[in-house]
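Q: Following this message is one structure expressed as structure tokens.
Rule-based calculations on the coordinates, nothing more; no lab input. Only a predicted model underlies this, so the values are computations on that prediction, with no experimental measurement involved. With ideal geometry, Cβ positions are generated from the backbone for all residues, glycine too; neighbour counts draw on all protein chains shown.
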Amino acid sequence: MMRLSRSVVGSAEADAVTRVLCEDGYLGMGSEVQKFEEDIASFLGVPASHVVSVNSGTAALHLAAESAVGDISGAEVLIPSLTFVASFQAVRAAGAVPVACDVLEKNGLLDLQDAERRLTEHTKAVMPVHYAGNPGDLDAVYAFASKHDLRVIEDAAHAFGCQYRGRRVGSFSDVACFSFDGIKNITCGEGGCIVTSDEVIAERCRDARLLSVAKDTEKRFSGQRSWDFDVERQGWRYHMSNIMAAIGRVQLGRFEQEFAPARRELAQRYREKLRRVAGIALLEENSDTYVVPHIFPVRILDGKREFASQLLEQKGIQVGRHYKPNHLLTLFGGGRESLPIAEKLYSELLTLPLHPALTLSDIDEVCSVLIQSIR
Ligand SMILES: *Cc1c(COP(=O)(O)O)cnc(C)c1O
């Protein structure tokens, strides 16, 4: 069977984990996590103090939302409906109200005109989602935010290593959140991080991941514990472990030479093979982005998606649907409101296999079954 996605890990990651396990019996958040944060920071070209690692991308979004907006309780956050439910749950967990917005038909990204119509006096932040790794027109998002005095929390879970106008996503952000779960561009097993140039937000996230025990991070990085401490805010148990960090450091080392070129080459092959096929529409990437695609969704037109999906699965090719729009979920409105483009895309989108262990001939096979299915 050809899998939709998978972790690509091997003996180097295993060795790194073994080293942590056998080193000093300290598996929690210690020096390996500190090094992981330094490695991420140097990859992005930001100071290490701007990077806060946590145990999932969802935790990163939760802490970011909670820390970026002064009075988060009841604040509204604009989010494209076409995203993993993690974005919505994280905002809700912070006590805020996720406001589902429609998306652009050409790329599935936040439709700023629709978002503008949903502004109220309670709107405090916008959370663009870099769907399939595409940061889209980020300048327009930041202009929108500054015009309406909103914080920007980028859900960059799909976009690790992607660039906008020659700069890495996260390196110029208000706040950006990455995921390192098993199938993302790099993995720690599970994990995530917040990257922000706002030292106040970074400091709050650093404390909040450790139950808001003030400055506990510094202690743990130097192998100590806090005994006589104070706590002033709600905190969470969201820190990363040395085991996760050890995997992540090896993965980061493989990213530029191995994972990024593989993902890009495979996606390029899909584009070449499917570009001119009637009945299939590819999502657009603008020319000022450099995308390392986390997933490869295509639009199957003329109501043929279900048939295509079934034929691919029959031939042993796993496919996906990213995503059921969040405004259709019971907790987030149950479809009370309609977002026509998000719903249309949901009926058309089919995600094809993409991970660095696939070959070009795997891609050719997927394309030939797909093309056959819509004829
Ligand atoms: C993966 C993902 C997340 C959450 O990350 P986890 O590490 O799985 O918690 C958030 N948003 C999007 C768009 C994602 O794909």
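Q: Put +1 on the Cβ of every Lys and Arg and -1 on every Asp and Glu Cβ in the chain; which of Ser226, Gly166, Ser146 then has its Cα farthest towards the positive end of the dipole?
A: Gly166
Q: On C-alpha positions alone, give me the angle between the axis of helix 360-374 and the longest principal axis of the chain, in degrees, nearest 10.
A: The angle comes out near 50 degrees.
Q: For region 102-202, what percent of Cα pairs sit more than 16 Å apart?
A: On the way: 2881 of 5050 pairs.
Beyond 16 Å sits 57 percent of the P(r) for region 102-202.
Q: Going toward the positive end of the dipole of the chain, with +1 on Lys and Arg Cβ and -1 on Asp and Glu Cβ, which of Val17, Leu274, Gly70 do you reach last?
A: Leu274
Q: Let me ask another. Assuming 0.36 nm per residue, please report the length gained on full extension of the stretch Asp288 to Phe307 beyond their Cα-Cα distance.
A: Values: separation 19, 0.36 × 19 = 6.84 nm, distance 3.53 nm.
Taking 0.36 nm per residue and subtracting the Cα distance, the gain is 3.3 nm.
Q: I would also like to ask the following. Which whole-number percentage describes the relative contact order of region 259-375, with Cα contacts under 8 Å and a sequence gap of 6 or more?
A: Once divided by the residue count of region 259-375, the mean separation gives 36 percent.
Q: What is the magnitude of the charge dipole of the chain about its Cα centre, with +1 placed on the Cβ of each Lys and Arg, -1 on the Cβ of each Asp and Glu, and no other charges, expressed in debye to the nearest 20? Display every interim value, and only then the final one.
A: Numbers: 42 positive and 50 negative charges, 203 e Å.
About 980 debye.
Q: So in the chain, what percent of DSSP beta bridges are antiparallel if you round to the nearest 5? Walk me through the intermediate numbers first.
A: Details: 24 of 39 bridges.
Restricted to the chain, the bridges split so that about 60 percent are antiparallel.
Q: For region 322-374, treating each Cα as an identical point scatterer without solvent, what Debye log10 I(q)/I(0) comes out at q = 0.13, 0.15, 0.19 1/Å?
A: -0.51, -0.60, -0.73
Q: Once amide H atoms are placed 1.01 Å from N in the peptide plane, what residues at a sequence separation of 5 or more from Leu349, or on another chain, have their amide H within under 5 Å of its amide H?
A: Ile300
Q: Charges only on Cβ, +1 for Lys and Arg, -1 for Asp and Glu: so what's the dipole of region 1-151 about the Cα centre, in debye to the nearest 20? All intermediate terms of the calculation are to be shown ahead of the outcome.
A: Values: 11 positive and 20 negative charges, 70 e Å.
Here the size comes out at about 340 debye.
Q: Shifting gears a bit: Under 10 Å, Cα contacts only: if you run a Gaussian network model on the chain, which one of Phe84, Phe229, Phe221 comes out with the highest mean-square fluctuation?
A: Sorting by GNM fluctuation, first place goes to Phe229.
Q: Which of Glu121, Glu37, Glu154, Glu348 comes first, and how do the rest follow, when ranked by fewest Cβ neighbours within 10 Å? Could you put the intermediate results ahead of the total?
A: Details: Glu121 6, Glu37 24, Glu154 27, Glu348 20.
Ordered by Cβ neighbours within 10 Å, fewest first: Glu121, Glu348, Glu37, Glu154.
Q: List the residues whose amide H sits under 5 Å from the amide H of Glu154, counting only those 5 or more places along or on another chain, with H placed 1.01 Å from N in the peptide plane.
A: Here Val175, Ala176, Cys177 satisfy the definition.
Q: A further question follows. Starting with the fewest neighbours, write out Cys22, Cys205 ranked by other beta-carbon atoms found within 10 Å of each beta-carbon.
A: Numbers: Cys22 8, Cys205 29.
Least to most surrounded, the residues fall as Cys22, Cys205.
Q: Also, quick follow-up: Full-extension gain between Asp149 and Glu116, please, as 0.36 nm times their residue separation minus the C-alpha to C-alpha distance. Kindly include the intermediate steps, with their values, before the conclusion.
A: Working: separation 33, 0.36 × 33 = 11.88 nm, distance 1.24 nm.
Extra length available between Asp149 and Glu116 comes to 10.6 nm.
Q: I would also like to ask the following. Restricting attention to the alpha-carbon atoms of the chain, what are Rg (one decimal) and Dmax (integer), both in Å?
A: 20.7, 70
Q: Continuing with this model, one more query. Find how much the distance from Thr359 to Leu21 grows on full extension, using 0.36 nm per residue of separation minus their present alpha carbon separation; answer in nm with one decimal. The partial results should precede the final answer.
A: Values: separation 338, 0.36 × 338 = 121.68 nm, distance 3.39 nm.
Result for the pair: 118.3 nm of gain on full extension.
Q: Still on this structure, please answer the following. How far apart, in nm, are the 7 Å Cα→Cβ label points at Glu38 and Lys215?
A: Placing both labels 7 Å beyond Cα along the Cβ direction yields 2.1 nm.
Q: Given the -39500 (n - 2.57) contribution per DSSP H run of 4+ residues, what per-residue ellipticity at 222 nm results for the chain, rounded to the nearest 500 deg cm²/dmol?
A: Details: 13 runs with 142 residues, N = 375.
Here the helix-only value at 222 nm equals -11500 deg cm²/dmol.
Q: Additional query: With a 10 Å Cβ neighbour count serving as the proxy for reagent exposure, in which order, fewest first, do Cys162, Cys367 appear?
A: Lowest count first: Cys367, Cys162.
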